[in-house]
Amino acid sequence: MDMQVAKKKLGLKERYAVMTRGLDWKPSYQKMEDIYPYIAYEGIKIHDWDKWEDPFRLTMDAYWKYQSEKERKLYSVLDAYVQSNGHLNVTDARYLNTVKLFVSGISPLEYVAHRGFTHAGRQFPGAGPRVACLMQALDEIRHAQTQVHAISNYNKYYNGMHDFHHAHDRVWFLSVPKSFFDDAITAGPFEFMVAIGFSFEYVLTNLLFVPFVSGAAYNGDMGTMTFGFSAQSDEARHMTLGLEVIKFILQQDPANVPIVQRWIDKWTWRGYRVLTLVAMMMDYMLPKRTMSWKEAWEIYFEQNGGALFKDLARYGIKMPDCTAQIALEKDHLSHQAWSTFYNYAAASNFHTWMPDEDEMAWLSAKYPNSFDKLYRPRYEFWREQAAKGNRFYNKTLPMLCQTCQIPLVFTEPGDPTKICYREVDYKAEKYHFCSDPCKKIFEDEPEKYVQAWLPVHQIYQGNCFPEGTDPTAPGFDPLAAVLKYYNLEHGRDNLDFDVSEDKKNFEAWRGQATKNV
Amino acid sequence: MAVAALKEYQFAPADTMDKFHGAQLLYIGWEDHLMFCAPFAFPFPPTMRFGDIITGVLPGAYGYHPDFAQIDWKNVYWFKSGTPWTPDFNKSLAENGLKHKDVIRFHTPGLHGIKGSCN
């Protein structure tokens with residue numbers, strides 16, 4: 001009698017092999033270079049894709065099961081938070097501006113990251129990195145969705161986030177994160193992986209997620225905090241992938257080292273410039289602070305990043321030169337950024353305000369070398385003027401950096417009283433920059449950055465008004481027309497927090513929740 | 001260096017003067033007054049008289065600052081692309097040699113912002 005022998009289940013390792021590399025095949029009637037057309041032009045040489053060590057052993061079926069479980073938990077917490085009017089438990093309504101900044105500045109980048117990893121994954125001939133990219137691409141689109149879902153609950157009550165994606169593609173300061181990611185996804189697959197997978201996800205991500213998520217936790221925003229915890233295990237995987245990518249490329253060929261070094265230099269700086277928004281969020285926008293920007297930079301970059309670059313030295317990679325300039329800027333970055341948004345509060349989708357006495361004391365304690373001398377006199381003047389009904393609204397458009405697209409608000413390295421101006425003449429046109437690293441990035445690839453969609457120039461070209469606007473009509477108000485184009489309502493979505501509907505509503509609603517009125 | 005690309009990579013610059021409806025861009029910065037977070041960008045016709053910027057435009061841009069009313073324009077030092085430069089107030093931007101996307105700054109002796117803090 002034939003015995004029916006139960007088939008042995010595959011072990012984890014075999015199962016992983018079958019479900020990833022086992023899915024790959026050698027093409028027989030198409031040439032490799034036709035199937036993977038983007039793999040050679042960046043100059044990166046890969047000799048053996050099988051040398052790729054998978055940094056984590058996750059198969060698609062396990063991914064699916066694991067993620068759906070996590071999301072079920074996330075959505076049940078979000079439901080409970082919403083049903084209990086959790087929004088009234090945040091420290092104060094100023095906090096909500098952090099959420100507005102996040103959903104219009106960061107969440108759309110998650111979506112673009114999804115596209116970027118899908119593209120990079122498609123282009124890699126190795127099955128290992130392809131599967132890893134696929135999973136990260138799915139993570140990124142899930143993060144975009146869960147962030148939007150978590151934050152959409154605030155949109156029911158507060159202003160400025162009703163059309164965040166429309167804003168992301170148009171509002172002047174949002175061109176900074178947008179152009180950063182556009183730069184990355186228009187690069188080749190290897191540069192994309194170094195830019196986003198390594199420089200952003202590995203080197204800088206702790207400076208983005210830790211401040212936002214711990215900021216949410218400190219300020220009673222359980223929705224955003226829960227999203228953050230839910231994404232954390234994915235982020236850990238992204239960091240592992242980013243590091244594996246860089247080591248793999250460097251080990252494959254010594255000729256790859258200078259190319260990778262240039263990308264690391266470029267993308268550390270590009271990423272750092274985007275983190276300007278995080279710096280001001282940490283030092284000004286969280287009613288209950290977690291730590292200062294300067295402290296965060298010292299812990300997450302100077303200490304952790306320092307150890308990382310020591311580790312990479314054996315591959316011939318060194319710490320990017322720009323970090324010396326970043327160290328000089330850490331006493332100034334957040335103050336210069338907040339001043340910028342205070343200047344242009346009439347054209348933003350969130351509110352700004354002057355720090356109160358206690359907050360000023362915190363700032364001068366955290367920034368003993370700079371705050372009292374340079375920034376306190378400015379703030380005290382603004383505060384006095386606002387008290388007299390003369391709040392400062394700067395209505396003249398600023399000069400922008402051709403590379404990072406931030407107004408020229410940064411000061412000379414070593415002299416915080418002088419604006420840093422840099423310029424280059426290229427093919428009979430002049431281009432301006434906020435810093436030496438931004439100038440260098442332009443000079444390396446001028447043809448890419450001459451195309452930059454600089455919001456100020458676009459406004460002056462007449463491209464940022466609603467269709468049918470006649471800028472030559474008598475009494476034409478350009479700011480009003482630009483706000484319409486942004487789909488922002490003057491007096492509601494913009495201006496100072498003190499005169500905002502958000503402030504008024506939050507006080508009234510919290511009053512109803514905590515008092516017998 | 002050139003952009004690494006699969007095909008020829010040449011695109012027109014986005015901000016050439018022909019796109020500004022007859023205007024040219026001029027960037028202006030006021031030294032030691034960082035309350036204005038960045039230099040300003042203005043679209044001006046090349047035929048505009050330089051002095052009209054001082055009397056007609058800058059008051060709207062910088063007038064909020066208590067130092068602005070005290071500026072003695074005869075004693076102001078100018079810089080173009082960082083090097084000393086002397087404009088003729090009665091001549092046009094073009095006659096003053098100002099081209100599209102030039103950057104000028106002015107330094108106001110004795111006026112260094114709120115309580116001398118460069119703000």
When region A:44-75 is checked residue by residue, the ones that are within 28 Å of the chain's Cα centre (by Cα) and within 14 Å of another protein chain (Cβ to nearest Cβ) are A:44
Q) Going by the conditions given, is residue A:62 in a loop (DSSP other than H, G, I, E, B), among the hydrophobic types (A, V, I, L, M, F, W, C) and without any contact (Cβ under 8 Å) to a residue 24 or more places away in the chain? A) no
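Restricting the search to region A:355-382, which residues are within 12 Å of chain B (Cβ to nearest Cβ) and surrounded by fewer than 17 Cβ atoms within 10 Å (Cβ to Cβ)? Lay out the reasoning, then the answer.
The first filter runs over region A:355-382 and keeps only residues within 12 Å of chain B (Cβ to nearest Cβ), leaving A:370-382.
Across region A:355-382, the qualifying residues are A:372, A:373, A:380.
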Residue B:46 fails exactly one of (1) within 8 Å of chain A (Cβ to nearest Cβ); (2) surrounded by 14 or more Cβ atoms within 10 Å (Cβ to Cβ), namely (1)
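Among A:493, A:498, A:470, which is the only one that is assigned to a loop (DSSP other than H, G, I, E, B) and under 25 Å from residue A:287 (Cα atoms)? Break it down into steps so the answer makes sense when it comes.
Values: A:498 fails: assigned to a loop (DSSP other than H, G, I, E, B); A:470 fails: under 25 Å from residue A:287 (Cα atoms).
Result: A:493 is the single residue among A:493, A:498, A:470 that is assigned to a loop (DSSP other than H, G, I, E, B) and under 25 Å from residue A:287 (Cα atoms).
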Within region A:65-95, restricting to residues that are part of a loop (DSSP other than H, G, I, E, B) and not hydroxyl-bearing (Ser, Thr, Tyr), the one that is surrounded by the most Cβ atoms within 10 Å (Cβ to Cβ) is A:90
Residue hits (region B:6-32; aliphatic (A, V, I, L, M), more than 7 Å from every other protein chain (Cβ to nearest Cβ) and farther than 20 Å from residue B:97 by Cα) are B:12
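Can you name every one of the helices (runs of 4 or more DSSP H) wholly within region A:252-324 that holds 2 or more residues which are at pLDDT below 95?
Fully inside region A:252-324 and qualifying: A:304-312.
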When region A:451-477 is checked residue by residue, the ones that are under 15 Å from residue A:397 (Cβ atoms) and of a type in the set (Val, Ile, Thr) are A:456, A:459
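For every residue, the table says whether it meets (1) assigned to a strand (DSSP E or B); (2) within 9 Å of chain A (Cβ to nearest Cβ); (3) surrounded by fewer than 16 Cβ atoms within 10 Å (Cβ to Cβ); (4) under 14 Å from the mean Cα position of the chain (by Cα).
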residue: B:51; (1), (2), (3), (4): no, no, yes, yes
residue: B:69; (1), (2), (3), (4): no, no, yes, no
residue: B:79; (1), (2), (3), (4): yes, no, no, yes
residue: B:88; (1), (2), (3), (4): no, no, yes, no
residue: B:96; (1), (2), (3), (4): no, no, no, yes
residue: B:111; (1), (2), (3), (4): no, no, no, no
residue: B:115; (1), (2), (3), (4): no, yes, yes, no
residue: B:119; (1), (2), (3), (4): no, yes, no, no
Within region A:199-210, residues more than 13 Å from residue A:117 (Cβ to Cβ) and either assigned to a helix (DSSP H, G or I) or touching a residue at least 40 places away in the same chain (Cβ under 8 Å) (or both) come out as A:199, A:202, A:203, A:204, A:206, A:207, A:208, A:209, A:210
Right, residue A:118: in a helix (DSSP H, G or I), over 22 Å from residue A:24 (Cα atoms) and among the β-branched types (Val, Ile, Thr) or not? no
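Restricted to region A:159-197, and to residues that are hydroxyl-bearing (Ser, Thr, Tyr) and surrounded by fewer than 22 Cβ atoms within 10 Å (Cβ to Cβ), which residue is nearest to the other protein chains (Cβ to nearest Cβ)?
Within region A:159-197, the match that is nearest to the other protein chains (Cβ to nearest Cβ) is A:186.
Determine which member of the set A:337, A:296 is within 14 Å of chain B (Cβ to nearest Cβ), buried (at least 18 other Cβ atoms within 10 Å of the Cβ), in contact with a Leu (Cβ under 8 Å, 6 or more places away or on another chain) and in contact (Cβ under 8 Å) with a residue 12 or more places away in the chain.
A:337
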Going through (1) more than 10 Å from chain B (Cβ to nearest Cβ); (2) not in a loop (DSSP other than H, G, I, E, B) one by one, residue A:404 fails only at (2)
Conditions (1) in contact with a helix residue (DSSP H, G or I) (Cβ under 7 Å, 6 or more places away or on another chain); (2) touching a residue at least 40 places away in the same chain (Cβ under 8 Å); (3) buried (at least 16 other Cβ atoms within 10 Å of the Cβ) -> residue A:316 fails only (3)
The residue from A:10, A:74 that alone is farther than 30 Å from residue A:263 by Cβ, in contact with a Ser or Thr (Cβ under 8 Å, 6 or more places away or on another chain) and at pLDDT 85 or above is A:74
Within region A:114-154, the residues that are under 22 Å from residue A:506 (Cβ atoms), touching a Lys or Arg at 6+ places or on another chain (Cβ under 9 Å) and not aromatic (Phe, Trp, Tyr) are A:151
If we keep only residues of region A:422-453 that are crowded, with 21+ Cβ neighbours inside 10 Å and part of a loop (DSSP other than H, G, I, E, B), then the residue nearest to the other protein chains (Cβ to nearest Cβ) is A:452
Going through region A:411-421 in order, the residues found to be more than 7 Å from chain B (Cβ to nearest Cβ) and touching a helix residue (DSSP H, G or I) at 6+ places or on another chain (Cβ under 8 Å) are A:411, A:413, A:414, A:416
### Task
Taking residue A:254 as the residue in question, decide whether it is of a type outside the set (A, V, I, L, M) and under 30 Å from residue A:92 (Cα atoms).
no
Within region B:1-43, of all residues that are outside any strand (DSSP E or B) and among the β-branched types (Val, Ile, Thr), the one surrounded by the fewest Cβ atoms within 10 Å (Cβ to Cβ) is B:16
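For region A:19-38, does any single residue satisfy the condition of being within 14 Å of chain B (Cβ to nearest Cβ), under 27 Å from the mean Cα position of the chain (by Cα), modelled with pLDDT of 95 or more and assigned to a loop (DSSP other than H, G, I, E, B)? Spell out the reasoning first.
Quick first cut of region A:19-38, residues within 14 Å of chain B (Cβ to nearest Cβ) only: A:33-34, A:36-38.
Narrowing further to those that are under 27 Å from the mean Cα position of the chain (by Cα): A:38.
Remaining after also requiring modelled with pLDDT of 95 or more: A:38.
Then keep just the ones that are assigned to a loop (DSSP other than H, G, I, E, B); that gives A:38.
So far as region A:19-38 goes, yes, one or more of its residues are within 14 Å of chain B (Cβ to nearest Cβ), under 27 Å from the mean Cα position of the chain (by Cα), modelled with pLDDT of 95 or more and assigned to a loop (DSSP other than H, G, I, E, B).
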Here the qualifying pairs (Cβ atoms under 8 Å; residues six or more apart or on different chains; first in region B:52-65 and closer than 23 Å to residue B:94 by Cβ and in contact (Cβ under 8 Å) with a residue 40 or more places away in the chain; second in a loop (DSSP other than H, G, I, E, B) and of a type outside the set (Asp, Glu)) come out as none
For region B:10-49 the number of residues that are touching a Lys or Arg at 6+ places or on another chain (Cβ under 8 Å) and modelled with pLDDT under 95 is 0
Filter region B:53-67 for residues that are among the hydrophobic types (A, V, I, L, M, F, W, C) and crowded, with 19+ Cβ neighbours inside 10 Å; the one that is nearest to the other protein chains (Cβ to nearest Cβ) is B:61
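The values are calculated or read from the model by the stated rules, or taken from the named source; none is laboratory data. In this text, all values refer to a predicted model and were calculated from it rather than measured experimentally. Here Cβ is always computed from backbone atoms with ideal geometry, including for glycine, and neighbour counts include all displayed protein chains.
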